[in-house]
1. State whether the residues of region 109-117 include one that is farther than 29 Å from Ser281 by Cβ, assigned to a helix (DSSP H, G or I), of a type outside the set (Gly, Ala, Ser) and at pLDDT 95 or above.
2. If a residue has to be under 25 Å from Met53 (Cβ atoms), surrounded by fewer than 16 Cβ atoms within 10 Å (Cβ to Cβ) and acidic (Asp, Glu) to count, how many in region 6-33 make the cut?
3. Residue check: is Ile216 within 17 Å of the chain's Cα centre (by Cα), closer than 30 Å to Ser82 by Cα, at pLDDT 95 or above and β-branched (Val, Ile, Thr)?
4. Residue under question is Met53, and the condition is that it be modelled with pLDDT of 95 or more and either among the hydrophobic types (A, V, I, L, M, F, W, C) or touching a Ser or Thr at 6+ places or on another chain (Cβ under 7 Å) (or both); does it hold?
5. Count, please, the residues in region 34-61 that happen to be surrounded by fewer than 14 Cβ atoms within 10 Å (Cβ to Cβ), within 20 Å of the chain's Cα centre (by Cα) and polar (S, T, N, Q).
6. Of everything in region 33-67, what is farther than 13 Å from Val265 by Cα and among the basic types (Lys, Arg)? Give them in sequence order.
7. Any residue at all in region 145-162 that's at pLDDT below 95, assigned by TED's automatic domain parsing to the domain that holds Leu262 and more than 30 Å from Asn3 (Cα to Cα)?
8. Looking only at region 218-227, decide whether some residue is of a type in the set (A, V, I, L, M, F, W, C) and part of a helix (DSSP H, G or I).
Amino acid sequence: MNNIIMSVEAMSDINEEIQARYNIAVAPMEYMVNDKIYSTLDGMSNEEFYKAMREGASTKTSQINTDAAYKHLESLLKTGASVLHFSMSSNLSGTYGNFKFAAKDLEKRYPGKVMVVDSLTASCGIMLLAVACTQKAQEGLSLKELYDYAEKLKHNNSALFVVDSLQYLARTGRVSRTAALLGDAIHLKVALRVSEDGFLVPYKKVLSRKRSLNEIIASTKKMYAPEFKTIYIGYTDCRDDADYVAQSLKESLDVNIELLPLGPVVISHGGPGSLCIYFTSNGRTIK
């Protein structure tokens, strides 16, 4: 196998076990809670962060700047390996552009050794691409061949979400504050997806949490294609719901399922109670 390191950003929500299993490098990120800066390297625990949000804390995230991206990639290139980096959707963050700029600069010193993929997704969807390419690398593919594989696979990499409260989506402008207040008052729940061009968009509104979970379960069952034989379920402060989703999927799909707590960078936008399903499909069209 060629000496190629897969790299992701911390908002991929990769855990230590998967990181070690596949030798995936992680670029740390910063976030703010009540104007205090934390890092994903040594910041709050997930539980502390969820609690702070439920108590009304102000939370913000920041993209990885060009200098930090350069230092991260260079530290990997110095080992003699080539690097394939998977970045958050360019339509959700400017981080991809910063990594692309850093890679272009590093190309002068490490020609043909670093490439950056715009994942057109977020969170565990990024990790899915990195793990899939790590498995593919065992066939001896070159860096360019793995990049081409990732560019194709990302369009068949689906992500379906539910959130517990609309107020956090209102903070980012994905729903109006008025709609969020009214929706929460009548227990309106929204099923969301990552669109073909990498935006987070709503696709179904239902009344009750259980119906929203059943909606994304049903869509996953219809859409799943076994290019990558693991489904990741990311969850925040709702393990019982994650277990319910996992059991429901296992009833009709022959697939490995892994449950992963989501971290502060992602949950700053979705809020506690968010649950996400990540899987390969034939396109991202909802069925």
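1. no
2. Matching residues across region 6-33 total 1.
3. Details: within 17 Å of the chain's Cα centre (by Cα): yes; closer than 30 Å to Ser82 by Cα: no; at pLDDT 95 or above: yes; β-branched (Val, Ile, Thr): yes.
Against the criterion (within 17 Å of the chain's Cα centre (by Cα), closer than 30 Å to Ser82 by Cα, at pLDDT 95 or above and β-branched (Val, Ile, Thr)), Ile216 does not qualify.
4. On the way: modelled with pLDDT of 95 or more: no; either among the hydrophobic types (A, V, I, L, M, F, W, C) or touching a Ser or Thr at 6+ places or on another chain (Cβ under 7 Å) (or both): yes.
It is false that Met53 is modelled with pLDDT of 95 or more and either among the hydrophobic types (A, V, I, L, M, F, W, C) or touching a Ser or Thr at 6+ places or on another chain (Cβ under 7 Å) (or both).
5. 2
6. Within region 33-67, Lys36, Lys51, Arg54 meet the criteria.
7. Looking only at region 145-162, we keep the residues that are at pLDDT below 95, and these are 161-162.
Retained after the next criterion (residues that are assigned by TED's automatic domain parsing to the domain that holds Leu262): 161-162.
Filter once more, keeping what is more than 30 Å from Asn3 (Cα to Cα): 161-162.
So far as region 145-162 goes, yes, one or more of its residues are at pLDDT below 95, assigned by TED's automatic domain parsing to the domain that holds Leu262 and more than 30 Å from Asn3 (Cα to Cα).
8. First pass over region 218-227, keeping only residues of a type in the set (A, V, I, L, M, F, W, C): 218, 223, 225.
From what is left, the residues that are part of a helix (DSSP H, G or I) are 218, 223.
Yes, some residue in region 218-227 is of a type in the set (A, V, I, L, M, F, W, C) and part of a helix (DSSP H, G or I).
The values are calculated or read from the model by the stated rules, or taken from the named source; none is laboratory data. Every value quoted in this text rests on a predicted model; they were computed, and no experiment measured them. Using ideal geometry, Cβ is built from the backbone for each residue, glycine included, and neighbour counts are taken over all protein chains shown.
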